[in-house]
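All remarks here apply to the structure that follows.
Derivation of every value follows stated rules applied to the coordinates shown; laboratory data play no part. Fair warning: this is a prediction, and the values are worked out from it, not measured in the lab. Counting neighbours? That spans all protein chains shown, and the Cβs are built from the backbone with ideal geometry, glycine included.
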Amino acid sequence: MKISPVQNNLYSFKAQKKDDTNPISKKGEKALLVKGTFVAGLGLGARLLFELMDGDFLFETLGNKAEKINKKNKGLSPNKKFLTGLGIWAGLIMIFIGGFAGLYTLFKAPKINYQGNVNAFKKGKDMDVYIKGNAVEKELYTQMNEKAKTADSEEKAKLQTQYMQMQMAKNKVPDFIKLKK
């Protein structure tokens with residue numbers, strides 16, 4: 001823990017921050033898998049609803065339920081009653097689909113937990129190699145820069161060829177990182 005000077009009459013305690021920390025976490029990997037599984041569950045639930053429940057169930061049964069709920073709203077104009085009935089009907093469909101997606105996600109939870117740990121381990125190792133490679137590369141460039149400051153023209157030509165070799169053998173970014181172009 002690093003103690004900083006007093007600022008604005010408040011004591012400020014900050015943890016020492018390292019720039020070479022690995023950004024990959026198990027929680028993040030598991031969150032990505034949960035999100036993907038839930039979206040897949042939504043798609044599967046919608047397909048299940050429309051495949052299993054023929055037009056009879058979807059329109060008649062849910063329509064009757066929506067009307068029954070909508071009868072509690074008295075004093076509405078016919079247009080508003082129609083729109084609230086339509087909203088209730090859509091809400092009932094979303095409850096079914098969302099419930100199925102939640103169940104699907106819970107069913108897949110052990111696999112998500114395991115796969116999240118595996119993905120985090122793999123990506124963590126790749127990032128460790130990348131971070132350490134960057135640190136070594138930075139150190140080499142620093143050393144070359146220091147030598148270039150005191151070098152004569154012959155040594156500078158040699159350093160330039162070494163610099164070009166370093167540029168060609170640049171540390172590759174891991175595949176799972178999406179760079180902005």
Problem set entry | Label of the coordinate-derived value, Cα extents along the principal axes in Å, listed as (1) 101, 28, 25; (2) 92, 52, 35; (3) 46, 43, 33 | (2)
Seminar exercise, completed: Expected vector for the range 73-90, Karplus 3J(HN,Hα) from phi with 6.51, -1.76, 1.60 and θ = phi - 60°, integer Hz, x for Gly and Pro, equals 8, 9, x, 9, 5, x, 5, 5, 4, 5, 5, 5, x, 5, x, 5, 4, 5
Exercise. Hey, which of these cross-link pairs are over 25 Å Cα-Cα: Lys30/Lys170; Lys27/Lys108; Lys123/Lys172?
Worked result: Lys30/Lys170
For this session: Figure the gain on full extension for Phe50 and Phe82 (residue separation times 0.36 nm, minus the Cα-Cα span) and round it to one decimal in nm.
Result: 9.2 nm
Problem set entry | Set of lysines near Lys81 by C-alpha distance (under 17 Å), chain-local residues within fewer than 8 positions excluded | Lys65, Lys68, Lys71, Lys72
Problem set entry | Max mean-square fluctuation residue, GNM over the chain, Cα-Cα springs under 10 Å, options Asn22, Asn171, Asn73 | Asn73
Problem set entry | Extension gain, Lys180 back to Leu140 (0.36 nm per residue minus Cα-Cα distance, nm) | 11.8 nm
Seminar exercise, completed: With only helices counted (DSSP H, runs n ≥ 4, each -39500 (n - 2.57)), the per-residue ellipticity at 222 nm for the chain, to the nearest 500, works out to -24500 deg cm²/dmol
For this session: Answer rounded, prolate or oblate for the range 56-143, using the Cα gyration tensor with square roots of eigenvalues a ≥ b ≥ c: rounded when a/c is under 1.5, else prolate when a/b is larger than b/c, else oblate.
Result: prolate
Exercise. What size of dipole, in debye to the nearest 20, comes out for the range 72-160 about its Cα centre when the only charges are +1 on Lys and Arg C-beta atoms and -1 on Asp and Glu C-beta atoms?
Worked result: 1040 debye
For this session: Quick one: angle between helix 26-52 and the longest Cα principal axis of the chain, in degrees between 0 and 90, rounded to 10, please.
Result: 30 degrees
For this session: Write out the chymotrypsin sites (Phe, Trp or Tyr not before Pro) in the range 85-181 meeting two conditions: DSSP loop, and at most 16 other Cβ atoms within 10 Å of their Cβ.
Result: Phe176
Problem set entry | On Cα atoms only, tilt of 153-168 relative to the major axis of the chain in degrees | 20 degrees
Exercise. Using alpha carbon centroids, what distance separates the range 135-181 and the range 76-117, in Å?
Worked result: 55 Å
Exercise. At a Förster distance of 41 Å, what's the computed FRET efficiency of Lys132 paired with Asp152, Cβ-Cβ distance as r, to 0.05?
Worked result: 0.75
